[in-house]
Structures are given as structure tokens and as C-alpha cells.
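Asker: Let me give you the structure first, and then I'll get to my questions.
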Amino acid sequence: MANRTGTAQRPNGQTQGKICQFKLVLLGESAVGKSSLVLRFVKGQFHEYQESTIGAAFLTQTVCLDDTTVKFEIWDTAGQERYHSLAPMYYRGAQAAIVVYDITNQDTFGRAKTWVKELQRQASPNIVIALAGNKQDLANKRMVEFEEAHAYADEHGLLFMETSAKTAMNVNDIFLAIAKKLPKNEQAGAPGGGGQGRRLVDGDTGPKAAGNCCK
Amino acid sequence: MNEEDLLKRSAEERDKIFKRYDRGREEGAEIDPWEDPTFEVYHATDRYGFIHDKRLPSKVDPQEAKKQQIELERVKKWRKMLKSWNSSVTKEKLHKRVFKGIPNSLRPQVWCLLLSLDKTKTENRGKYDEMLKLARKYSTDARQIDSDVNRQFREHLFYRERYGIKQQSLFKVLTAYAMYNSEVGYCQGMSGLAGVLLMYMDEEDAFWAMHILLTDPKFSMHGLYKEGFPKLTRFLAHHDRILTKFMPGLKKHFDKHGLDAILYSLKWFFVCFVERVPFSLCLRIWDIYLLIGERVITAMAFTILRLHKKSIMKLNDMDSIVHFIQVKLYKDFMYDDDSAVHALERALEDLKRAKLDHPGPPTKDEIPSRPFGVFIEPTVDQIIGHRAEKFTEKERETNTLVVLRREEAREALENDVQLSVGDSAGLTGSKFSFDPSMDDTSSLLEDCQHMGSKRSLADTSVTSTADLSVFSTITRSQAHENSLDTHSNVSDNSVGGASSVGSGIVTSSGAHKPLFSTHSTPRATPHNPSPDVLRIYVPYSPLDTPLVSPHNGDVKVPPNTFPDNKIRIRVDNDELLTPLVEHGQIRSFRIDSPEIDLK
């Protein structure tokens, strides 16, 4: 995948770090917490009564990894089956996907598997897929065992974490894990990597993810 | 689990959900603490029943008080009119009065009258209860409806308490209606529609009101919610036509940022502006909607963009445009309701004059084809909730249509550039853009980047944005590598696109290694907010400029403030100055005055 990469250069010629932009899509059954995960990641907020997503929502967030700034363009999709026909326009061309299920509902895990299958069949071949077992704060009502999901994820080469948008558990982590796994060097060797003073979004990349961004 | 177990589990789940709503909040109700919001009810509930975070001002705003006084006066007139609803006098006055706003206290009655609810209800006596019973036994939508009831209008007094009376009603109306109109069933969005109706009606009335909204040709929302959303695609296409005709600059701005109308306007069409404009204004639109039907949706969509065009044009990435349209305008529309409705009236007139007030008759597949209220036993897959492995033909069609819209937008953008630029290649390497109109933010410089960036269907599905960062830095840095012309940039685009035909699968192993970045993934935001484009404004005679007709309110004022024939350079956003590197030396790039005149 040709992601956008560039080397931001400081006037003194030192390399400041790359900036990569990735398109990420969230998929999963209705009411598993897709929008809540995004809201937590992007704004650090949580709403118990997050309005249902109709169609899709779009947000961006930037994280920093060592010398690389990763900007996620996040497509949060509607979960209801009726909206499935619109989903391909969001996951097409995506470099990453988070497939979300609700650990208190076995059916949503089944649906998550269907999404994974669809992505592996239809989306970009190099797509990085993460599986998120959300609502970990409701573990006392758990219906999907951690081990079961973990084994499934391993078998299919997915990143896996149990998350809680409510308590923020593993939310930044899962996005960071994806950022780490995404290829970031494809453009590095490109000829004529830009004139001097070429400046890509440097320092004005919008809100930072709490606690995981560059200083 | 085998099929039998799955069926049993689904039945149990459905039963459990229904029982919870039966029980409501009585003793024994299972309600998790998180399911009930904590609100300070007193002092923070507005006149429509919405509870706000903050205490409302104890003193009534004098303007608001005046409005309420006017409304009280209107109530008297309305009461009189209601006594002779079918008279010719009423017919004469109704239109004007509805546009002024139906007094909130009379909305329950007037809405029912506008929908001729009584007639439908009497004709179908007993049907609602019948559907409720069927739903309890067979509903396959209970879980989805349950999860949506749990998040619909929770900040409203009526829906605040989990399993409260209005939540019960909402659940029942939706599950019953999904049985009654099995072709639509339940589609997310319908909870908003029913939710508003239930604020002004009782359960059974809301059920029939919903049915009228879906099936009466005046509203025909059936086609919106049914599989494949055929009406939505028709209305979106019409919306684009309107933009192209009345606000081509804005349309181009959207296209440039890869912003398809489906992204920002879905709720306008689906729930008639609920949660997209302030509730008081939303009600005013609903009043008019119930009177004149779907034309108001088209006109209001146009009005919103027309009123806020300037603000939107200033936003230069998809993220902030969508946020502005969806979130900001919901919190604060920036025009009072009367002004907004006034603008809406004007829009209705303008559209009518341009013969664009209505997208034309519905297509065949938008019209209900199944009889209502006839029970069809759900399939096993429906009961268990299995996802279909493949798209139905209709769904595939929708998908293609939506993707095509993007393609068309892009082509239009390209054609536009070709037409207006002519030999743009000569300009692309230039440091400056020639922008004949200060109003139109789509300068040639930005347009040029789209030259030749004709992408594949697969690639254009979502978004793409001019890669301004490359340009602006070149123009600003005045570096010697100015040979990095757009041409290479352009061909990158096309390569990225061409290799992804059909599948959206792109590998970077293409023969052509891009110089900066290929956009095999459509970009949603520009990487740089184009902070520092240098533009030369060449003044021209206003007479040479075709003006958009003034009556549509979209008048372009030529920059005729330039008295002479000077060339003017302007540096935008000078607060974003960056140091420049030239011959390895740092040089501060600064123009003291934002505009320099070249004699």
C-alpha cells in the first residue's frame, strides 16, 4: 500500500521524523461500541448513550511512534445489516481495520468473524486487521471467552485486545499496536524525496492522543 | 450450536427483551446503573423537554419572552382556525401560519390533522394491537430496536429513564411497525422519526403517523429505509444537481475534499434534520414537512449550505467540514429560527423557478410492493440474525451507484479544470496561481492537482483530496527543486488509481515509484491546511464575469475594488510562517503587508 510518507526536515537539516497517513475503518455489529472506541481514542470521552451511527462518521487522530507520526483517518461505520451495502466504500483502500465485538454477546463475535472473512476476501491484501473485544468493563457478564477470541485472532493473523471504551482500557493501545504494525518505509527511499524545507504537517497535526504522543 | 439451539436462543432473547419492556420500571426490573442517566431535571429542562448539562438561565431572555408572547397570541388564532379546519378560510391561512411555526402546545393536534391521522386510524382499527402481538412472537428486529431505544433522545425527559413509559412506547411502535411493513422492517434512523412523533402523540397515533410518513406519496420515506436505500440515492443525486447549479464553488470545494453528500447529509434525509439542527428549528421544519411534504427536505438541505457557505469554504479538510455541518450547526445554527425558515421559503421559490424543487417521481423499487400487515414468517437466517454472505442485487446496485457518484464528482471537477484552465500544464510548475476570483477558494493551483488524476471506480469510492502540502511548500520554500512539477505528482495519482481497478487492491510494486506519495488510498484530509499559497490576483473587468443571478442569493461579487491594473500578491494565513531553507541557510520568509502590488 502506498501510504503517504514524508520526511519533515528541520532547518538545520536534521531529520525530524516521518509522517504517515493511514485509513482505518471500524466494522462490527450494531451497538458493540465502535463509535465509543473512536470517541475515546479521538476525544478521550465516553457517552453512555452514544447516538447510533447512521451511514458512517469520519474522524482523524494522530499518534507518535518513535520518530514517526501516524495520522489515522478513521471511518466509523453503521453496524446494522441494512447499512452493509455501504460498507465497502469505507473499507476499500483502507490500510487498517478494527473489527469490534461485544464480549457480553456471543452473536456479535460471530458477526465479527464474518467481517474478518469479508475483509480478507475483499479489502486490500496487506490490510492490518485488529480484533477488539469491547465492553471489557462488563466482564462479569462475559459470554465470549478471552482465550477463544485470542485463539481465533492468532489463527487468522489478527491483532487482538479486549478493550473498554468506558474505562479507556486498551483503547489507545490497540490503535498504537496497529500503527506499529503498519508499514511505514515504503516511501523512504523514493527518489528526490522533496526539496529542502519541504514540510509536511509538522506540529499542527491536531489533537493528540492522551499519553501517547510525541513531546 | 446447531440450528435448533440457535432458534431457541433467539426466541429466548426476544422474549426477554419484550418482558423487560412489559415490566417497565416496576419492581424486579433489571436495570444496570449505567442504563439510567443522572440528570438534574429541574432548572435544566427546556420547553421541548430536553435536559441540558447546565442550569438554564433563571431569567427569561427578553427576546425569548417576546417570542413566547407572540406564540401565545398565535395560539388564540390557531384555536379559532382549528374549529373550522376544513373551511376555505383555513386553507387560505394555513400555509402562512405553518411557516410561522405551529404553537408548540398545539402541535399534537395540528400534526395529527395535517397527516389526516384519524382517517387512517379508523380504517385500520385493531391492526396495531394485532401487530404488537405478532411482534412479540416473531419480531426479528427486537434486539436492534432495543439497543436503539436505549440511546435515542436519552437527554429528553420522556426517554430519560430506561424502560420508562415513552421508552416502552417507542419500542412497541417500532417492533409493531417492523411487522406491519415487513418490506422495510426496522432500519436505523426510524427510531429518531418515531421518537419525535411520540413527543407529540400517543403510541397508536405515532404508529399510524409513521406509516403515513413512509407510504403517503407526499412523504414516501419507505424508499429511504428499505434495503439499498433507493430514495436516498435519488435525493442525493438531486441535491448534487442543485449544488452544481446554485453553488458550483461549494460543490467543487466538497469534491476537492472528497466529501460526498452521503457523508454530511444522511440524517437530513433520513430523519428530517433531527439532531442536525437545533430542535426548535427542527420542529419548524417538521411543521412545514407535514404540510408540503418532501420538497422541504431538498430545500432545507440547500438552505443550510447556502446560509453557511462562507464558513464551510474556509474549512479545508473533510474532518472539520463534516464536524461543522453535523455537530456545530446542531449546537448553534447561527441564525434564529425565523430567519432560517425565511431563507427556506426563499430557497423553495428559487428551486421552483429553476424547476429543481423536486427530484421527480419515485422509481418503482421505492414504492412498497408487499401488502401491509400481512404476516410473513421470518426465515431461519432472519431469526438467528445471520448475515447474508453476499449482497443482494439491490445492495450491489446501491454500492455501485454510490461509488459512481464519487466518480462523477471527480470527473466534473476535472472537466471543470480543463475548461477553465485550458493549458494548465504551463501553470503547474509555477510558483503562483492565478486566481481570478477571490471568493472562490478553489484556485487553479489546487485544481491543477486534479489534472489527470482520474481514478478507478474502486479507488474513488471514498475520498481524495488535493495534496496541498506538496504545493504550498514548493511555492513557499522557493527551493531550487522547483523542477518537482505537478506533472510527476499528477501521474502518480493516475498510476495509483489505475492499478486498483475493480478490487481496490493496490500494491506499491508498480513500475512507477511515486515521487511523493501515491494516493492509492483516497485521502480524506489535506496533509497541510494549505497555509501559505501565494496567489496573484489579476483584476478584471466585472463586466466580463458572468454573475450568478442575484435572486438565488448566491451572488458573486467581483473583486472590483482594485482600481488599477496592478498585479496583487497575497499571502494567506501569514501566522503560519515557517522558516525557509535556502542554500542551507535559514531565512525567515515574511511579507510585511499581506498584499504587495507589482506595478
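Where a number appears in this text, it was derived from the coordinates with a stated rule and is not lab data. Because the structure is a prediction, the values reported are computed rather than measured. Every residue, glycine as well, gets a Cβ built from its backbone with ideal geometry; the counts of neighbours run over all protein chains shown.
Asker: Averaged over peptide A:72-83, how many Cβ atoms belonging to another chain are found within 10 Å of each residue's Cβ?
Answerer: 5
Asker: Among A:141/B:16; B:54/B:100; B:80/B:352, which pairs are too far apart, with a Cα-Cα distance over 26 Å?
Answerer: Beyond 26 Å between Cα atoms: B:54/B:100; B:80/B:352.
Asker: Moving on to the next point. Would you work out the relative contact order for the range B:197-258, in percent, from Cα pairs under 8 angstrom that are 6 or more residues apart?
Answerer: Relative contact order, the range B:197-258: 13 percent.
Asker: Another question, then. Give the Rg/Rh ratio for the range A:68-181, taking Rg as the radius of gyration of the Cα atoms and Rh as the Kirkwood radius, to two decimals.
Answerer: 0.94
Asker: Okay, next question. Taking the mean number of other Cβ atoms within 10 Å as a proxy for protection, how do you rank A:18-28, B:86-96, B:303-313, B:283-293 from highest to lowest?
Answerer: Result, highest mean Cβ count within 10 Å first: A:18-28, B:283-293, B:303-313, B:86-96.
Asker: Anything over 30 Å Cα to Cα? Flag those among A:184/B:256; A:23/A:135; A:34/B:59; A:166/B:19; A:135/B:172, in the order listed.
Answerer: Over 30 Å apart, Cα to Cα: A:34/B:59.
Asker: Please compute the modelled spin-label separation between residue B:80 and residue B:364, points set 7 Å along Cα→Cβ, answer in nm with one decimal.
Answerer: A separation of 5.3 nm, rounded to one decimal place.
Asker: Taking only C-alpha pairs under 8 Å that are 6+ residues apart, what is the relative contact order of the range A:18-181 in percent?
Answerer: 26
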